[in-house]
1. Can you give me the long-range amide H partners of GLY139? Hydrogens built in the peptide plane at 1.01 Å from N, cutoff under 5 Å, separation of 5 or more residues or another chain.
2. Please report, in Å, the Rg and the Dmax of the stretch 159-304, where both are computed over Cα atoms only.
3. Apply 1/(1 + (r/R0)^6) to the Cβ-Cβ distance of ARG567 and ARG209, taking R0 = 51 Å, and write down the FRET efficiency to the nearest 0.05.
4. Tabulate in residue order the Karplus-calculated ³J(HN,Hα) for the stretch 65-76, using 6.51 cos²θ - 1.76 cosθ + 1.60 with θ = phi - 60°, rounded to whole Hz; enter x for Gly and Pro.
5. If I model a spin label at GLU190 and ASP556 as a point 7 Å from the Cα along the Cα→Cβ vector, what separation in nanometres do I get?
6. Please sort 236-243, 88-95 by packing, taking for each peptide the average over its residues of neighbouring beta carbons within 10 angstrom, highest first.
7. Working out 0.36 nm times the residue gap between ARG438 and ARG180, then minus their Cα-Cα distance, what length gain in nm do you get to one decimal?
8. Check which residues have an amide H placed less than 5 Å from THR264's amide H, if you skip close sequence neighbours.
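None of the figures in this text is laboratory data; all of them are computed from the coordinates on show. Note that this is a predicted model, so its numbers are computed, not measured. Cβ placement follows ideal geometry from the backbone for every residue including glycine, while neighbour counts extend to all protein chains displayed.
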Amino acid sequence: MSDQGYSAKHIEVLEGLEPVRVRPGMYIGGTDTNGLHHLVWEALDNAVDEAVNGYCDHIVVTLGEDGTCSVDDNGRGIPVDKHPKYNKPALEVILTTLHSGAKFSNKTYNTSGGLHGVGVSVVNALSEKTVIDVRRDGGHFMMEFSRGLTVGKLKRLGDVAKGVHGTTVTFLPDSQIFPRTTFTLKSILERAETKAFLNARLTIDVIDRRTQEKHTFHYPNGVKDYLAKLLKGRKPVGGGAFHFADKNGMAVEVALQWTEQTETSVFSYANSVYTSEGGAHENGLRAALAKTLRTHMGRSAKYKNLAATAEDVKEGLVAVLSVYLSNPQFQGQTKEKLNNPEAATWVDNAVRTAFERFLLEQPTTGEEIMARVALAAQARMASRSAKDSVMRKTAISHRLTLPGKLADCSSTDPSETELFIVEGDSAGGSSKQARDRRTQAVLPLRGKILNVENATAEKLAANNEVKSLTISIGTGMGKEFDYSKLRYDRIVIMTDADVDGAHISALLLTFFFRFMPKLVEKGHIYLAQPPLFKIELGKDVRYALDDAERDRILADAPGNVKPQISRFKGLGEMPMNILKETTMDRSRRRLLQVTVENALAADAAFSRLMGKDASARYEFLEQNSAAFVSSGGELDI
Ligand code: 0RA
């Protein structure tokens, strides 16, 4: 309180911020660590607003050893001249009145974040001490506050050189309000990085004087850089990202790419404020992508009969959407939803035009995006009709209804168990003997499982082999797939080392790719490598997977002994001990892990093989069955 005593204007100001101290939760969500950091976000957002409007390109956030946080910007500086209505410096009004100050008019603050309508006065209300330092109009000014009140008058400390301008807001959170007043560097770094992604010309330094750490964020490619970061560790579809910026009227910027993953990640912002609940701008984006892709697919002979939904279009999408508008309305539980209806139409129209052009100009990428959407649509359709017969059973009582022919292992710890899928009952018999009963399960499938590529969803759902497989694995399939229900760490496809065996492997892989892709992505699918030849070199017995390995072994063993070569007809005829030693025993076997680099490319190969085109199939089989894993296989000994 200043020593001037109570004047009418002071009382007005005091009443202004009193509610914030009485109910801080209403303004910053709570007084826990999240609430504490809200003060930083308010201060930072004010500085970022200056950048959004083109007046500022450098912000420095400093965490002091004394528990303060300061946000410095080189924006216009908070006005210090007398506010006509209140007859006191604008700075004072801004700091001591709710819903006032920086955002008083659209004229001064063209695309102000508007934030949650509270701003820097809330920081003042909830801080033991707030110091505002302003460089503006050739002068260097300072004013101090405490718990929402002024502490002395605005002071002019001296002159600043022509062209120097900016604001520094330094505050010490009030320990009477916050049980814990320690700032978390990591949260501040994340926030600063995002703001830098959304404002390509802005540089944000974060300095932690408690630890002497310094970080600088500057992303000249803006949301494109943001997208690149989001795509790390994911497998993108198509040759490049779609990026688009439109500054006519409302500013819209989008960077997006589809991935092989099934999750969707859309990060949307309005005036650099994160809208976790989406809203109008996000709806506009979704509508534009769905409409454009459906139109585009309708023109393609291959996809025109596929009724892709907006959900199918969203699958695997990673997107950053940033809009700037002059009067943002935030709504919803946490005020994190954009509610301006005009934003939907605006984004929809702008994105539709640009995305349509992108698809036409980059036909290869366009083709891959359509294939990705088609994959989602197929999985959805298969999953819907298979749902009742397979997924429900799996979800409700998966252990109780395990298929009779599954020889399960005794361990129920999924991290150590393996499921061997074997071809036919006789191979099933010998592998049941050769396994480690504690950790290895065997599921014999009768002959060839259904051709997944050609089957209708109904047929697939009714197929007994598919049912046994899905229930044994435990996860369900398609949209119902639940990774947490996986019953085995490794799923090993074990088929004969011949063309028929390769065909069955391919059918199973197609099934996994289409209906349980995550198992492939996460490296749970393996191909057993049963030998084709036994080569006896006197007492030395060797096994070879194929002709080439046989020849190498023979070449390495020159002349001393006459080799005895025998060829196994199939797993069923392989003696139990040999099956164990060469193919199943963890310490001696070889396994090929299916880590397909590009599931879509593999899927196309499967389509060629499994589809109706018999000549393509024949050609493919003739070439080499091992080509199924050619896009990435690892030897595991
Ligand atoms: C009101 C009006 C103007 C700028 C600001 C507030 C302003 C507020 C903050 C808070 C942190 N940094 C800030 N920088 C500027 C515009 C005044 C003009 O037209 O010059």
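1. VAL160
2. Final numbers for Rg and Dmax: 20.4, 72 Å.
3. The value I calculate is 0.10.
4. Working through the residues one at a time gives 5, 7, x, 7, 10, 10, 10, 10, 9, 9, x, 5 Hz.
5. Label-label distance for GLU190 and ASP556, simple model: 5.2 nm.
6. 88-95, 236-243
7. Going from the current span to full extension adds 87.7 nm.
8. GLY316
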